[in-house]
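Shown next, in structure tokens, is the structure this report addresses.
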């Protein structure tokens, strides 16, 4: 009897050791199609603001990290079922998402969302047709604004829709639209901006509090010593902290 | 890739194109081409095995076995592919992990379902959380092959089931009258003769399978259509050395040519195969061949 008890105790301890040693490799899930936040560079690797940020966070939290790309539409289901351990994909913190997953503290200020339209077009933002990427805060915003929403799976397609005239304008993060407007003479930013969302944070599973605390501490240390502000300025993503 | 690619902005015409088409990102689309071909090469025979098992169990004289075969054919054929692919792969993956979890961590007390999260102990993860990325990708690829094989196996089973019934019954009766037992009749008379009836249906399936490969993306495998969309999308100069506008049309045109060529080659090969299988068969085409030779 005693040996059985001891045996179970030993098993329980080894199990808890295994649990503490979890996340020897942290898999970072991102979309890879949303510059400057994250994109695939010419060499075929994940690059961008979040790549640099994520690598720095992992170094500070002493974690080994690996980058994985996943399409935006199924990025939350795949986190929840354990295919990777974090979402670091320019995902704004919202109440709806917070019910399904947990977020670290935000690493960008609430980024203003802007409209991009064809140069010279007279856009009716209240009653017109506005494009947005599906499952984003911008899509939810348009759906409740009274304008007609057309959704696309990738951010790139939303721009193509404006060009083809399928949509009057596109609503997306200011940092994403600005370089596009600068390089294309036929596209302009509208003056009106919308302040939606609670800033961008990293998504983790609700059961993964240990990992969330590690990243929270790392983000805080980057905020404290100003490195986060430097990164935000380098990639031209909104105001610093 | 090439030595002159150091400063792409200074290049134009063919040189620019040569550099552009050999970036690391373009290597990914060439690799994914092989992924698709490999998938087809593995899926086709495994779907045929699934189909053969399904068809032979559906026509089994032992009722429960026949029910299993018929249920497999009916259910998988009836469910839309896209629903099957989205639901089935995640469910299959979780089933594997749950079985490993039960075996490897019997004293785990927390729930497997914690709210929305599916949590199994670390050593039961499949592949292990610390495995390198290529292991994850290979695992995903084989889940994809398995799913494709199950789906297309059901269609193949239906084709083979019909083909088995199309073999003239007097052939089987003659075999029996020669003293062959049930097994011998099946393997020596029925199976060799059924292919000629099955091939038109199977070649149809092969064509559908070729065109179904973009479904791979639903399974998390980055296939050529994904890369065509990603590479073709407009790129701004801030984030790449090779800025360009919306080139998706050209990429999709290339895909169209690839798929057309591929299906055309398949058609030619299948026609040759049909000619070979027809030889000496008691079918109209077989009879025509005999007369032409005589």
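No lab work stands behind these numbers, since they all come straight from the coordinates. Being a predicted model, the structure only gives us computed values, none of them experimental. When we count neighbours, we look across all protein chains shown, and the Cβ atoms used for this are built from the backbone with ideal geometry, even at glycine.
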Residue B:187 to residue B:169: extension gain in nm, 0.36 nm per residue of separation minus the Cα-Cα distance? 5.0 nm
Determine the calculated [θ] at 222 nm for chain A from helices alone, applying -39500 (n - 2.57) to every DSSP H run no shorter than 4 residues and normalising by the residue count; nearest 500 deg cm²/dmol. -11500 deg cm²/dmol
Suppose R0 equals 22 Å; then what is the FRET efficiency for residue B:246 and residue A:119 from their Cβ-Cβ distance, rounded to the nearest 0.05? 0.85
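Based on DSSP, what percent of beta bridges with both residues in the protein assembly as shown are antiparallel, to the nearest 5? Let's see the in-between values first.
Working: 22 of 37 bridges.
Looking only at bridges with both residues in the protein assembly as shown, the antiparallel portion is about 60 percent.
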Would you look at the GNM of chain A, springs on alpha carbons closer than 10 Å, and say which of A:42, A:55, A:95 moves the most? A:42
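Please average, across the residues of B:235-241, the number of beta carbons from any other chain that are within 10 Å of each residue's own beta carbon, and give a whole number.
Working: counts 5, 9, 3, 9, 10, 6, 2.
Average neighbour count from other chains, rounded to a whole number: 6.
Averaged over A:84-97, how many beta carbons belonging to a partner chain fall within 10 Å of each residue's beta carbon? Don't jump to the answer; show the numbers that get you there.
Values: counts 2, 1, 0, 0, 0, 0, 0, 0, 0, 0, 0, 0, 0, 0.
Mean number of neighbouring Cβ atoms from other chains: 0.
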Grab the eigenvalues of the alpha-carbon gyration tensor for the stretch B:47-105, scale each by 5, take roots, and send me the semi-axes largest first in whole angstrom. 27, 17, 10
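Given the rule -39500 (n - 2.57) for each run of at least 4 DSSP H residues, summed and divided by the residues of chain B, what is its mean residue ellipticity at 222 nm, to the nearest 500 deg cm²/dmol? All intermediate terms of the calculation are to be shown ahead of the outcome.
On the way: 10 runs with 198 residues, N = 294.
The helix-only estimate for chain B comes to -23000 deg cm²/dmol at 222 nm.
Would you mind estimating how fast chain A diffuses translationally, via Stokes-Einstein at 10 °C and 1.306 mPa s with the Kirkwood radius over Cα pairs, in µm²/s?
Working: Rh = 19.3 Å.
D = 82 µm²/s.
Using Cβ counts within 10 Å as a stand-in for footprinting exposure, how do B:128, B:218 rank, fewest first? Before the final figure, lay out the partial values.
Working: B:128 14, B:218 19.
The order, fewest Cβ neighbours first, is B:128, B:218.
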For the stretch A:81-124, count all C-alpha to C-alpha pairs, find those more than 18 Å apart, and express that count as a whole percent of the total. 50 percent
Chain B: relative contact order from alpha carbon pairs under 8 Å, six or more residues apart, as a whole percent, is 21 percent
Chain B, Gaussian network, Cα under 10 Å: of B:107, B:122, B:246, the residue fluctuating most is B:107
Please report, for the Cα atoms of the stretch A:22-98, the Rg to one decimal and the Dmax as a whole number; what are they, in angstrom? 12.2, 37
With a 10 Å Cβ neighbour count serving as the proxy for reagent exposure, in which order, fewest first, do B:178, A:176 appear? B:178, A:176
Diffusion coefficient in µm²/s returned for the stretch B:3-293 by Stokes-Einstein, Kirkwood Rh over C-alpha pairs, 20 °C and 1.002 mPa s, is 93 µm²/s
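Which FRET efficiency, nearest 0.05, do residue B:128 and residue A:192 yield, Cβ-Cβ r, R0 51 Å? Intermediate results must be reported in sequence, preceding the final value.
Values: r = 50 Å, r/R0 = 0.98.
Given R0 = 51 Å and the Cβ-Cβ separation, E is 0.55.
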Once the convex hull of the C-alpha atoms of the protein assembly as shown is built, how many Å³ does it hold per residue, rounded to a whole number? 224 Å³
Taking other Cβ within 10 Å of each residue's Cβ, how do B:10, B:3 sort, fewest first? B:3, B:10
Per GNM of chain A with C-alpha springs under 10 angstrom, the most fluctuating residue out of A:161, A:134, A:43 is A:43
Taking the Cα of residue A:98, stepping 7 Å toward and past its beta carbon, and measuring to each backbone N in the stretch A:204-234: which are under 14 Å? A:204
